[in-house]
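Encoded as structure tokens, the structure appears first; notes follow it.
The values are calculated or read from the model by the stated rules, or taken from the named source; none is laboratory data. Not measured: the values here are computed from a predicted model. As a convention, Cβ positions derive from the backbone with ideal geometry for all residues, glycine included, and neighbour counts pool all protein chains shown.
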Amino acid sequence: MMGLLAVVYGLAFIMIGATHFRKPNKFVDIIPAFLPFPLMLVYISGAMEIAGGLAIIYPETRVLAGQFIALFLIGVYPANLYMWTHDIAFNGTRFDTQGHILRLVAQLLLIVAALYLSGDLNFDKSSA
């Protein structure tokens, strides 16, 4: 079960990361204005998503990959917060407060999943 979850999770990150290269402008718009070189940051974050997605699929690298992805998701959340506080459309869509809260909840669930896959979170009651 863990392997299947890791593959699905990893493939999702690979696909999103590839989108950073195929359609970078939709990500450039949500980079906070105080950060330099937004296009370069989009490419770097896309490469990190692809690398994390690949690494979490393989059991040999899953622990480090899950920890990396959790930290990465925390690190990129300011872009989502900037989008929210400055009412910036993402890919032509403006989110209301509920939409932004749902994005935050999704981000938190992705962090929990990454930490579960890394082994840092254990939901197995029999091991307690």
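The helices (runs of 4 or more DSSP H) found entirely in region 34-121 that carry 1 or more residues being modelled with pLDDT of 95 or more and of a type in the set (Asp, Glu) are 38-57. For region 58-69, a residue qualifies if it is of a type outside the set (Ser, Thr, Tyr) and either free of Cβ contacts under 8 Å to residues at least 12 places away in the same chain or crowded, with 20+ Cβ neighbours inside 10 Å (or both), and the qualifying residues are 60, 62, 65, 66, 69.
Taking into account only those residues within region 16-29 that are of a type in the set (Val, Ile, Thr) and more than 15 Å from residue 73 (Cα to Cα), which is modelled with the lowest pLDDT? The residue in question is 28.
Please specify each residue of region 89-99 satisfying the condition of being among the hydrophobic types (A, V, I, L, M, F, W, C) and surrounded by fewer than 16 Cβ atoms within 10 Å (Cβ to Cβ). Hit for region 89-99 is 89, nothing else. One residue stands out among those in region 1-51 that are free of Cβ contacts under 8 Å to residues at least 24 places away in the same chain and β-branched (Val, Ile, Thr): the one that is surrounded by the most Cβ atoms within 10 Å (Cβ to Cβ), which is 42. Taken as a whole, region 76-91 holds no residue that is polar (S, T, N, Q), without any contact (Cβ under 8 Å) to a residue 24 or more places away in the chain and over 22 Å from residue 31 (Cβ atoms).
The condition of being under 27 Å from residue 1 (Cβ atoms) and either crowded, with 18+ Cβ neighbours inside 10 Å or touching a residue at least 40 places away in the same chain (Cβ under 8 Å) (or both) holds for only one of 109, 121, 54, 102, that being 54. Within region 59-86, the set of residues being β-branched (Val, Ile, Thr), over 21 Å from residue 7 (Cβ atoms) and over 15 Å from the mean Cα position of the chain (by Cα) comprises 85 only.
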